[in-house]
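Engineer: Shown below is the structure under consideration.
The values are calculated or read from the model by the stated rules, or taken from the named source; none is laboratory data. Model, not experiment: these values are computed from the prediction. Reconstructed Cβ throughout: ideal geometry from the backbone, glycine too, with neighbour counts over all protein chains shown. Each accessible area value is taken on the protein alone, full model and side chains, heavy atoms only, with ligands, DNA and RNA left out. Shrake-Rupley method; radii C 1.70, N 1.55, O 1.52, S 1.80 Å.
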Amino acid sequence: MIDDDHVAAPAVAATMPTTVLPATAEVFLKPGELWFGEGPVVVRTVLGSCVAITLWHPARRLGGMCHFMLPSRPSCSDSPPDGRYANEAMELLLGHMQRHGTRASDYEAKLFGGGRMFPNIPCSRSSQCQRGVQDANVDIARALVAEHRLRLRGEHLGGDGHREVLFDVATGAVWIRHTPRTTRVECSVDASPR
């Protein structure tokens, strides 16, 4: 259970579901993709240095997930919003919220990913060793949640290795499987209101 005042990795371990119930649809997000909707849907993705943001509306039981790769585009563009970039993925999610007649402040957010994928590779420049794209992704995800007044209910960020994330849109429950460089950790991030 995540304390409303303290957001951290969950203390309760749970087994990640190995199969999806027959009545449940499954959506797999690749980097740069997002999904938003309602119903018996499980949204799944695999993260390294990328970050996923899950959003869930407890009263309406709808939500979405994005899987972004970078904090923002390297230069300004007149192109339509692109889910590969955090700020643009959030813009797309906000559009879905608006089309469903909801406000960002009504949603619970959870953040995942931002892992160092190659922690043992020496860097040629010390600044690269201090902070990498994974750190910038974590920073922007937290900033976007605060900027849009989303209620941050949990996070599992940083460290080494990759994560598999499953988000049950009907219940708001999220399961993660974190595979660090040496060990594997499974846990559940409880989305139930207090």
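Engineer: For segment 68-112, count all C-alpha to C-alpha pairs, find those more than 15 Å apart, and express that count as a whole percent of the total. Mind showing how you got there, number by number?
Structural biologist: Details: 487 of 990 pairs.
More than 15 Å apart: 49 percent of the Cα pairs in segment 68-112.
Engineer: How much area per residue is accessible in segment 44-117 when the probe is 1.4 Å and only protein heavy atoms are counted (Å²)? Numbers along the way, then the final one.
Structural biologist: On the way: 3020 Å² over 74 residues.
Result: 41 Å² of accessible area for each residue.
Engineer: Separate question: Just order 32-41, 103-112 by mean Cβ neighbour count inside 10 Å, highest at the front, would you?
Structural biologist: Numbers: 32-41: 17.0, 103-112: 20.7.
Sorting 32-41, 103-112 by mean packing, highest first, produces 103-112, 32-41.
Engineer: Sticking with this one: Fully extended, how many nm does the chain gain between residue 25 and residue 118 (0.36 nm per residue separation, minus their Cα-Cα distance)?
Structural biologist: Numbers: separation 93, 0.36 × 93 = 33.48 nm, distance 3.38 nm.
Result: 30.1 nm gained on full extension.
Engineer: What is the distance in Å between the Cα centroid of segment 33-112 and that of segment 134-157?
Structural biologist: Segment 33-112 and segment 134-157 have Cα centres spaced 12 Å from each other.
Engineer: Short version: what are the Cα gyration tensor semi-axes of segment 25-114, square root of 5 times each eigenvalue, largest first, in whole Å?
Structural biologist: Values: eigenvalues 88, 51, 24 Å².
The answer is 21, 16, 11 Å, longest axis first.
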